[in-house]
Amino acid sequence: MKNLLTILLFSCTLSAFAQINPPLDKETEVAHKYRVSLPYFIITDRIGGDWNDRQSTQMVEFHIKRNLDNKNIIGLKFATWRLFQPMGIQYWDGLLDKLKTESEFYPGHVRESGIGVSYQRMLWKGLFATVEVLPQFQTYLDLNGNKIGNGFKLYNSYHLGYHISIGKKKRFFIEPQIHCQHWMFDNNAPDGFKVLDDKWRNYFLFEPNIYIGMNF
C-alpha cells in the first residue's frame, strides 16, 4: 500500500511538471515566476555545533521552484545529510534521551544524498500543502570515516505550512511548517546499521521547521 501511495504521489508531481509552460492569462499570471529556499535550521546548526561532531547531521538542503500560477508550485530539491542514528525514533520513544545516552547510535554514519521533485498547493490564503519525493544514494561509513557499504532509499515528506511574504514587493518570505516523512527500499545496510534500523519505524511524524526564501 505504501509503495502504491508513493507511486501515485510521484506521478502527480510529474504531471505538475508537465504543465511547466502554461499559457499566462489573468488566472495564471504571477508576480514572480521562481523562488529559492532553504530550511532555517541549517543556518542555526552551524552556530550551535561543530560540523564534525559525532551528532552533526552535516545537512545541506536547497529548493528551487517554479510558480505555475497562484495555486500550483513545482520544484526541484537537493539534499544531503549524515545520520548517526535511525530516523524512525519518535519524540514519544524518548528521542531526546537517546541523544544524550547515545544508546541507539550507529557504529559509524550513513551519508544520504539526492535530487528530487516537489509539488506545493496553496490551499487558502497563505496555507499550503507540499509533497516531496527524494531518491537518495547512501554511503555507509565506519567511525574512522572509511566506506563500508552502499545503499538506496526513497525518501518522501508531506508538509503543511503557511507562506508569509515580506517587503513591499513580496520578494522575501518565510514558511513555518510541520512535516511527516516515510522512506522505502532502505534494505542494504551493513549488519551493525541494519539491527538498529529494523528496531525502529520507517517514518517520522510531526517535525517542525521554518524555511526562508526569495522570489525572483
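Any read-out appearing in this document is the output of simple, stated calculations on the displayed coordinates, not a laboratory observation. All values reported here derive from a predicted model rather than from experimental measurement. Every residue, glycine as well, gets a Cβ built from its backbone with ideal geometry; the counts of neighbours run over all protein chains shown.
Just a few scattered comments:
- Relative exposure of VAL60, VAL110, judged by other C-beta atoms within 10 Å (fewest first): VAL60, VAL110
- The calculated FRET efficiency for ASN146 paired with GLN55, based on their beta-carbon distance and R0 = 22 Å, is about 0.65.
- Shown for TRP200, TRP183: other C-beta atoms within 10 Å of each C-beta, ranked fewest to most, produce the order TRP200, TRP183.
- Calculation over all alpha carbon pairs of the range 113-216 in 10 angstrom steps from 0 returns a P(r) of 13, 34, 28, 17, 8, 1 percent.
- Length gained when the stretch ILE115-PHE137 is fully extended (0.36 nm per residue, less Cα-Cα span): 7.0 nm
- Length gained when the stretch PHE172-TRP92 is fully extended (0.36 nm per residue, less Cα-Cα span): 25.2 nm
- Neighbour-count ranking [beta-carbon atoms within 10 angstrom, fewest first] of HIS179, HIS109, HIS159, HIS32: HIS32, HIS179, HIS159, HIS109
- Taking the C-alpha atoms of the range 55-163, convex hull volume expressed per residue in Å³: 112 Å³
- Counting only residues at least eight positions apart within a chain, or on another chain, the lysines with an alpha carbon under 18 Å from that of LYS71 are LYS26, LYS33, LYS125, LYS170.
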